[in-house]
1. Where the second residue is at pLDDT 95 or above and the first is acidic (D, E) and lies in the range A:43-72, which pairs have Cβ atoms under 6 Å and are six or more apart or on separate chains?
2. Pairs needed: first member in the range C:18-44, part of a strand (DSSP E or B); second member anywhere, at pLDDT 90 or above; C-beta distance under 6 Å; at least 6 residues apart or different chains.
3. Could you check how many residues of the range A:43-75 are among the aliphatic types (A, V, I, L, M), surrounded by fewer than 16 Cβ atoms within 10 Å (Cβ to Cβ) and either outside any loop (DSSP other than H, G, I, E, B) or within 14 Å of chain B (Cβ to nearest Cβ) (or both)?
4. Which number in (1) more than 29 Å from the chain's Cα centre (by Cα); (2) surrounded by fewer than 17 Cβ atoms within 10 Å (Cβ to Cβ) marks the one condition that B:V66 misses?
5. Could you check B:Q113 against (1) closer than 24 Å to C:V169 by Cβ; (2) surrounded by 17 or more Cβ atoms within 10 Å (Cβ to Cβ); (3) without any contact (Cβ under 8 Å) to a residue 40 or more places away in the chain and say which number it fails?
6. Could you tell me whether any residue of the range C:103-124 is more than 14 Å from chain D (Cβ to nearest Cβ), over 29 Å from the mean Cα position of the chain (by Cα) and either over 30 Å from B:K13 (Cβ atoms) or not polar (S, T, N, Q) (or both)?
7. Determine if the range B:44-51 includes at least one residue that is more than 14 Å from chain D (Cβ to nearest Cβ), within 19 Å of C:T83 (Cα to Cα) and in a helix (DSSP H, G or I).
8. Given the conditions (1) touching a strand residue (DSSP E or B) at 6+ places or on another chain (Cβ under 7 Å); (2) in a helix (DSSP H, G or I); (3) not β-branched (V, I, T), and given that B:M111 satisfies all but one, which numbered condition is not satisfied?
Amino acid sequence: MGSMAKTKSELEKVIAEVRDMQKDVGKITNQQINLNSQLTENRLVEQELSLLKDDAEVFKLIGPVLIKQDLLEAKGNVSKRINFITSEMKRTDDQMALLEQKQETKRKQIMDLQMKLQEQAKQGAVQ
Amino acid sequence: MSGMLKKEDESEKNVTLEDQQKINQFSRLLNEKLELQAFLSVRKDLHQLYDDASDELMLAADNEKVQFAVGDAFIFTAKDEAEETVEQCKTEIVRTMEDSQKKYDNKVESMTQLKTELYAKFGNSINLEEEA
Amino acid sequence: MGDEADLSWVVHGHADEHFGIPKVIFFDDVEKVVKEHEVQNTLQNLTALFQRYKFWETKFMKNKQGLQQKIPDVKRTIDVVKTLQKRSNSDIDEPITTRFELGDQIYVKAEIPKSDSVSLWLGANVMIEYKHEEAIELLQKNLETAETNLEHLESHLNFIRDQVNVTEVNMTRVYNYDVLQRRKQPEASE
Amino acid sequence: MESQEGTLPLGSLNIEQLQNVQKSTEQEVQSLTEQLTQLTTAQQRILSSKRLAKEFGKQPEGKEILLPLSGSVYVQGKLCDTSTAMVDLGTGYYALKTLEEAEEYFQRRAAVIKDNVDKGTQALVQRRQMYEAVTSVLQQKMAAAQRQGAS
């Protein structure tokens, strides 16, 4: 009975860990969705800026103020932003891959523990 | 705030009406605290935006007019006037933030007090943590 | 809420100040309640009541969110009129140059001659011209009304949430009492 | 979700698994439908802006109008440039354009959305077919299970 209780509490612990990981997966997924839509929006802006004539008037909204911005500067800023988003996306992808790996390990652990528990139950019944 | 009192509890601590009122009070405070927290975080972002606006305005040419957001429209405004308005808004934002921060601190303080009292009586059989 | 649970003994008489939403009775003596009404029946009634409170909570929350959107909107409108008023009170006589929103994502240029009035859209196809200070006064009144309504809503919500808490605590206490009783007399349980 | 959704061997799934697939497919259908509604609304707004850009060019300069400063505040004003517009490019960027250029801009935006609408519609049709397939297999299996239980 004592060893079974131990296995049980171990199992509960691992299950709780997996649950926490799933929460993290959810968070990262949200980040990914967010980054993705940011990327799409910035790409559209990048494309539009590239279509403008060199002397076109461009403004940037900062807080409540629309301030004139040099077209080249605007292009530079948007491309910097896109680079940043792309690297963030790579970071979240890596995080996700790592998390999936960890989850896989934990799931195996759960299966092992469940098997152990069944065996212990059998032994207990025989005795 | 569901299930503050734990089920299948061994202890036979009697819950009095006074305890119940404390639990209600705690729950109210928690709600108000979370609202203030959200408000403060929005204000903080807004303040940052206005800060950025000040910085950009400083860099703009003196004789240049900027377009200032008014309602859904923009109004052409002299740079110094825009700067003045931005500063006024910033002061106002800071004021509301300080106001809310004070309220927030008060809630936290009252919550800590209630927590101490309730935990002293119910120990582990009550859960007053803020995240499930 | 099609359940026909008899809730008359778990709630006080109607509390008129909260739209007739009843106040739940705090069980001073769980044992007495259980002896009179039985565990299952008590829990069932409390669950039904709990669900009603939750329904009211959701309803009031929606109203609150609506008001919480309206209030900043009115404040923004007041800001617009105040900006116009400031300009009209200044010694600048040139018109205001603006880019206004012609449609989604498109703005065009216009001049607003110096003036001391604005038109307010009051809904239902009604637009009325006001002097700046009249407009501000009217909008301020709207704001105050909205803020008072919000306060009332908050007080109803607080009341409902108290009822939710008491109902929950009642349920847990009845449940725990039952568990304890069974543990004391294991032979009595079938 | 399964990677090759189209070729999911529905026949080999048990009732519980089928019910899960049915539920998740139903949710997908629902969220796709919502997305499509949003896209269509956005599309209509953009096309309306395109029409406005065109119409605006026909207005005489100096024309007196009642212009909106917010949803509920209007003031008397005069149009002073009916050949240029400022368009919102997104992410806080705005640009001045001739009305013709503005029209082209909205046309491009509308094309991007139409692309998304087409893709979404295709996905929706596919998901609906999937839902129907799952539902029909599920009904068969349940009927079979009932017959077995009855005999």
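The values are calculated or read from the model by the stated rules, or taken from the named source; none is laboratory data. This is a predicted model, so every value here is computed, not measured. We place every Cβ from the backbone using ideal geometry, glycine too, and count neighbours over all the protein chains shown.
1. A:E46/A:V78; A:E48/D:L89; A:E57/D:L96
2. C:V24/C:Q163; C:V24/C:V166; C:V24/C:T167
3. Pass one, the range A:43-75, residues among the aliphatic types (A, V, I, L, M): A:44-45, A:49, A:51-52, A:56, A:58, A:61-62, A:65-67, A:71-72, A:74.
If we keep only those that are surrounded by fewer than 16 Cβ atoms within 10 Å (Cβ to Cβ) too, we end up with A:51, A:56, A:72.
Still in the list and also either outside any loop (DSSP other than H, G, I, E, B) or within 14 Å of chain B (Cβ to nearest Cβ) (or both): A:51, A:72.
So the count comes out to 2.
4. Only one criterion is unmet by B:V66, namely (2).
5. (2)
6. Of all residues in the range C:103-124, those more than 14 Å from chain D (Cβ to nearest Cβ) come to none.
No, the range C:103-124 contains no residue that is more than 14 Å from chain D (Cβ to nearest Cβ), over 29 Å from the mean Cα position of the chain (by Cα) and either over 30 Å from B:K13 (Cβ atoms) or not polar (S, T, N, Q) (or both).
7. Yes, because at least one residue in the range B:44-51 is more than 14 Å from chain D (Cβ to nearest Cβ), within 19 Å of C:T83 (Cα to Cα) and in a helix (DSSP H, G or I).
8. Only one criterion is unmet by B:M111, namely (1).
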